[in-house]
Structure formats: C-alpha cells, structure tokens
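The values are calculated or read from the model by the stated rules, or taken from the named source; none is laboratory data. Keep in mind it's a predicted model, so treat the numbers as computed, not measured. Counting neighbours? That spans all protein chains shown, and the Cβs are built from the backbone with ideal geometry, glycine included. To get the accessible areas, we keep the full protein, side chains included, count just its heavy atoms, and leave off ligands, DNA and RNA. Shrake-Rupley method; radii C 1.70, N 1.55, O 1.52, S 1.80 Å.
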Amino acid sequence: MNELAHIFVYGTLRSESDHPMARRLLSQARLVGKGSAPGRLYDLGWYPAAMFDAGEKRRVIGDVFALKSGGRLLAELDAYESGDRFYSRMHLEVSLAGGGAVIAWAYGVAEAPPARLIQSGDFIAHRTMKMARPVRP
C-alpha cells in the first residue's frame, strides 16, 4: 500500500506547527489544504493521538499533504512517529475543506488512550487556547 500519494497530519506535523519535522514536511511535500476525518482526538501533552473511526460523528481536523513519488519522506515520518509504540500508520478517507476527499496515510492509535478528549478535534486551536489561559496562583 505504499502507493498512496497523500498524508493527513493533525498534530505537531501540521503546517502551523514550528516543530522541525513539520518544517521538513512543508519543504518536502505539497500542502493540499485543510481536511478532516471521523474520529476522536486526545491530548497527550505536547502532542495528540487520534483514534479514527468511520462511524464516529466527531471529526479530527488537520492538513493534507501530497507526497512526492519515490521520496524518503514517508520512511522518515514512520521513524518520527515510531517514538510512540501505540501509533501505527493506516489509510483512511479524508474530507477536504474545499470539497472532495482523498485516501491518505495517517498515524493513529487502535485504542483510546487514558487522556483528555479534545472536543474541537483541532489540536492547534486546543493548544493555542490552553496556552492562552492565565496561570492560577
């Protein structure tokens, strides 16, 4: 199944992220745009976990990138994501914000982690809001 030409990212790899691997993805692949997939998104601290489920009403918000054929980027992303043993690469249908859909690679978990659900499904918005909260004395 390595012939899939797109990847869906929803956390530290999104185009808004300043993570070095996100910068690499932006320079090595073409940003198609915003997308979403059915599932639940969980807050694991500095990164999220998605549990994708075609029957879920909630949506995970992210970015879709077109991968260059013959590149090593997918292997590099596999190595990056393998830091969490619960993640696996899977393919799923992603709805594009501008209409239409693509089948894309994504990294997700098979079981819900013991973590807080991100109700909005958008990790970047969630993290921005979380960081903007005043610290209580």
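Oblate is the label for the range 34-101, because a/c, from the alpha-carbon gyration tensor with a ≥ b ≥ c as root eigenvalues, is 1.5 or above and a/b does not exceed b/c.
About its Cα centre, the chain has a charge dipole of approximately 440 debye under the convention of +1 per Lys or Arg Cβ and -1 per Asp or Glu Cβ, with nothing else charged. Stretching the chain fully between residue 128 and residue 66 yields a gain of 19.7 nm (0.36 nm per residue, less the alpha carbon separation). Report summary: the helix-based calculation at 222 nm, which adds -39500 (n - 2.57) for every DSSP H run with n ≥ 4 and divides by the residues of the chain, gives -6000 deg cm²/dmol.
Atom-type composition of the exposed protein surface of the chain places 55 percent of the accessible area on carbon and sulfur (1.4 angstrom probe).
Computed from Cα atoms, the angle from the helix 123-132 axis to the main principal axis of the chain rounds to 30 degrees.
With each label modelled as a point 7 angstrom along the Cα→C-beta vector, the residue 46-residue 21 pair spans 1.2 nm. For the chain, the solvent-accessible area works out to 57 Å² per residue, with a probe of 1.4 Å and every protein chain left in place. Convex hull volume of the C-alpha atoms in the range 13-137, normalised per residue: 124 Å³. Among the trypsin sites (Lys or Arg not before Pro) in the range 1-99, those located in a DSSP loop and surrounded by at most 10 other Cβ atoms within 10 Å of their own Cβ are 57, 72, 85.
What FRET efficiency do you get for residue 110 and residue 74 if R0 is 22 Å and r is their Cβ-Cβ distance, rounded to the nearest 0.05?
It comes out at approximately 0.60.
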